[in-house]
Structures are given as C-alpha cells and as structure tokens.
Amino acid sequence: MPIESIWARTSVALVKADEGNQAEAETTLWGAAAVAEEAGAATERAYIDQLLRQLGVRTWRRGARRRASSDLSGLSEREREIAHLIAGGASNPDIGGTLFLSRKTVERHVSSILAKLEVKNRAQLAARMAAGDGLASTERRS
C-alpha cells in the first residue's frame, strides 16, 4: 500500500505544480519522500528527488558518517596505502608522485585518514603505526 500512496502523492504534486502552486507541490513531494524512505522504496525516492530538483529544490543528502575507529579496518585500500606512506615519512607531493594523484586528492585522503583514526596530525599517525596499535596488522598483503 505505501507504493500506491507514493505514486498518488507524486501525481497530486505534479498537478499542483502545473497549476503554479509550487509550495504545495513541494510539501506533497516531501511527504511522498518520507513514505518512500520509510518503505525502502529507493526507485520511487530517486524519482521524487528528480521532481523536487525540477521545482528548484536541493535534494542532496550526506550519507551516514562512519564512527571513527582506532585501526585501519575503517580505511579504504587507497587510504591504507597513503597511511603507510605517511608513516614512512612521505610528504603529500611524494605521495602524489608515487600514487599518481593530484595534490588536492592526497590532501583529501590525508584529512579523511586523520579523522577516521582520530589522530591530530601525521606524527601521531606515524607514532601509532610504529607502536603497533593494531594498525600495522591490517596491512595489505601482496
């Protein structure tokens, strides 16, 4: 039944938008979006977002943030590579040259690594890796 409700609401919203009543159309679409979200109707939710964007409404949503972890298991493979290069004393330009990444991309990865591992700087990251706080044990195997 929720799917029918979603489609009925989107139809009503389209009529309201055609009549020039954008505020009511937007409100109706947000209601349909809530039903779609609750029902887990991803396709319908994407369609509603598309309709909202056509009305000029920003629909971008930030994904759920992962909780910080004290080991490398929360890092992507690329972030683990970069963490090991940082621990070895590599600078951002060195990392960029080694991995063929732009300076900005390396900066973004470094910031993400520091946040995920709850360390304040590269020195703390290197110290924790050297101390073996469970960080080195997740090293990639070749």
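The values are calculated or read from the model by the stated rules, or taken from the named source; none is laboratory data. Remember, predicted model here, so these are calculated numbers, not experimental data. So basically every Cβ, Gly included, is an ideal-geometry build from the backbone, and we count neighbours across all protein chains shown. We work out accessible area using only protein heavy atoms, side chains counted, and drop any ligands, DNA or RNA first. Shrake-Rupley method; radii C 1.70, N 1.55, O 1.52, S 1.80 Å.
The table below gives the values:
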{"quantity": "Förster radius 25 Å - calculated FRET efficiency between PHE100 and ALA34, Cβ distance, rounded to 0.05", "calculated": "0.05"}
{"quantity": "Accessible solvent surface per residue of the stretch 1-58, calculated while the other protein chains remain in place, 1.4 angstrom probe, Å²", "calculated": "61"}
{"quantity": "Heavy-atom accessible area order for GLU44, GLU107, largest first, 1.4 Å probe", "calculated": "GLU107, GLU44"}
{"quantity": "Derived scalar couplings ³J(HN,Hα) [the stretch 38-52; Karplus, 6.51 cos²θ - 1.76 cosθ + 1.60; whole Hz; x for Gly, Pro]", "calculated": "5, 7, x, 8, 5, 5, 5, 5, 5, 5, 4, 4, 4, 5, 4"}
{"quantity": "For the stretch 1-65: rounded, prolate or oblate by the Cα gyration tensor [a/c cutoff 1.5]", "calculated": "oblate"}
{"quantity": "Candidate aspartates and glutamates for bridging to LYS104, where Cα separation is under 19 Å - those fewer than 8 sequence places away on the same chain excluded", "calculated": "GLU77, GLU79, GLU81, ASP94"}
{"quantity": "In sequence order, calculated HN-Hα J values of the stretch 79-94 (Karplus, 6.51, -1.76, 1.60; Hz; x Gly/Pro)", "calculated": "5, 5, 4, 5, 4, 5, 5, 4, 4, x, x, 6, 7, 4, x, 5"}
